[in-house]
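J.: Quick one: this structure, given as structure tokens, is what I'll be asking you about.
The values are calculated or read from the model by the stated rules, or taken from the named source; none is laboratory data. Treat the numbers as computed from the prediction; the structure is a model and nothing was measured. Cβ placement follows ideal geometry from the backbone for every residue including glycine, while neighbour counts extend to all protein chains displayed. Side chains are part of the model used for accessible areas, which takes the heavy atoms of the whole protein and leaves out ligands, DNA and RNA. Shrake-Rupley method; radii C 1.70, N 1.55, O 1.52, S 1.80 Å.
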Amino acid sequence: MTAVHRATGRRRAGRSLAWLILHRLLAAVLVLWVAVTLTFIAVQLTPGDTVSLLLGENRNDPELRAQTIARWGLDQPVWVQYLTYLTRIPSGDLGISYTLRRPVADLIAAGIGPTLQLTAVAAVAAIVLAVVGAVATTAAIPGLRRVAGTVELVLLSAPPFWLAIVLLWGVSFQLGWFSIVEQGSWQALVLPAASLALPIGAYLTQVLVEGIDRAMEQPFITTARSRGISQFAARARHALRHAAMPAIHLLGLIVGSLLGGAVIVEQVFGRPGLGQLAVDAVTVKDIPLILGVALVSTAAFVVASTAADIVALSVDPRTRVAAGVSR
């Protein structure tokens with residue numbers, strides 16, 4: 001009878017977890033819809049005539065204006081344009097760029113590689129900095145925590161573009177390290193990734209330090225110490241693992257911050273990517289390209305956030321209990 005009860009409990013827990021995951025996925029779809037809708041409304045409310053921006057010096061030519069309006073469907077009501085765009089998204093049709101005359105999906109596919117590369121390298125660097133910084137900061141070294149706190153505060157307060165400019169001027173121009181001329185080389189990736197990683201690493205360090213301090217006061221650390229392990233091993237092997245859960249929950253925000261910062265950093269360092277596409281699209285009010293970049297960026301944030309929630313539910317019993325899922 002006990003075995004039957006256990007099997008029934010596992011099935012119920014599995015169904016609850018599956019329903020919770022489905023709920024998160026539906027919420028992700030809602031977030032994508034809200035992001036596209038708000039972006040569409042914002043673009044429509046932005047000052048400036050799209051046709052005039054596209055035609056430039058020929059903006060006063062009535063024949064060209066009529067051709068442009070008819071070609072891009074700008075003579076249709078705004079709500080028709082909106083619904084038409086929404087119905088095309090499931091098939092992967094994000095429209096045609098007004099200025100580049102190419103499918104937006106192809107443009108994003110060509111530009112997302114460098115941005116994802118920059119974001120991935122920055123994320124790994126931020127995690128490594130955070131882990132090393134948290135373990136070192138929680139060591140019983142006089143004055144180290146105060147110095148680390150000051151450095152973290154400076155990095156968190158510095159705007160991404162300012163930090164990128166400082167690194168570009170000081171490290172590349174003055175010291176001659178990590179040339180950014182050859183964009184395909186690893187050297188050209190170091191400074192942009194550092195510009196993104198340092199503030200994120202500082203933030204994660206604060207989260208991990210707080211978690212390690214709490215974990216070091218728990219009974220399981222006393223038990224581990226009684227077995228003869230060192231203070232460093234207790235922090236690095238036991239306390240750090242428990243302190244990492246809040247950082248996992250922040251994964252979505254971190255990815256969103258990295259993508260937002262990448263747009264600015266790519267401009268400072270002259271890197272290709274979604275940042276360049278976004279700036280060019282906003283300059284000429286290229287509506288399909290603006291919506292496409294916003295959709296993909298939001299999708300990356302949603303995927304990271306949903307993945308973080310699912311991972312937390314899978315590995316942390318406390319999260320499952322809070323969510324109403326138990327084994």
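J.: What ³J(HN,Hα) values, in whole Hz, does the Karplus curve 6.51 cos²θ - 1.76 cosθ + 1.60 give for the range 100-115 when θ = phi - 60°, with x put for Gly and Pro?
T.: 8, 6, 10, x, 4, 4, 5, 5, 5, 4, 6, x, 6, x, x, 5
J.: Skipping prolines and chain starts, which residues have an amide H placed within reach, meaning under 5 Å, of the one on ILE96, given they are 5 or more residues away or on another chain?
T.: It is VAL104, by chain and number.
J.: Can you compute the FRET efficiency between ALA18 and TRP177 using 1/(1 + (r/R0)^6), with r the Cβ-Cβ distance and R0 = 45 Å? Round to the nearest 0.05. Provide the component values of the computation, followed by the final result.
T.: Values: r = 51 Å, r/R0 = 1.14.
Calculated value: 0.30.
J.: Let me ask something else about it. Below 8 Å, C-alpha to C-alpha, sequence gap of six or more: please give me the relative contact order for the range 193-286 in percent. Write down the numbers at each step before the final one.
T.: Values: 51 pairs, mean separation 27.2, N = 94.
Answer for the range 193-286 is 29 percent.
J.: With a Förster radius of 35 Å, plug the Cβ-Cβ distance of GLN218 and VAL31 into 1/(1 + (r/R0)^6) and report the FRET value to the nearest 0.05.
T.: On the way: r = 36 Å, r/R0 = 1.02.
FRET efficiency, GLN218 to VAL31: 0.45.
J.: Each label point is 7 Å from the Cα along the Cα-to-Cβ direction; what then is the distance between the points at VAL124 and VAL151, in nm?
T.: Roughly 2.2 nm, to one decimal.
J.: While we're here: With a/c under 1.5 counting as rounded, go ahead and sort the range 253-309 into rounded, prolate or oblate using the C-alpha gyration tensor (a ≥ b ≥ c being the square roots of the eigenvalues; past the cut-off, prolate if a/b is larger than b/c, else oblate).
T.: Values: a/c = 3.40, a/b = 1.48, b/c = 2.30.
It is oblate, given that a/c is not under 1.5 and a/b is not larger than b/c.
J.: When the accessible area of the range 86-168 is computed with all protein chains present and a 1.4 Å probe, what percentage of it is carbon and sulfur? Please report the intermediate quantities before stating the final value.
T.: Details: 3360 of 4570 Å².
Result for the range 86-168: 74 percent of the exposed heavy-atom area is carbon or sulfur.
J.: Hey, can you find the accessible area per residue of the range 206-309 for me, probe 1.4 Å, expressed in square angstrom?
T.: Details: 4500 Å² over 104 residues.
Per-residue value: 43 Å².
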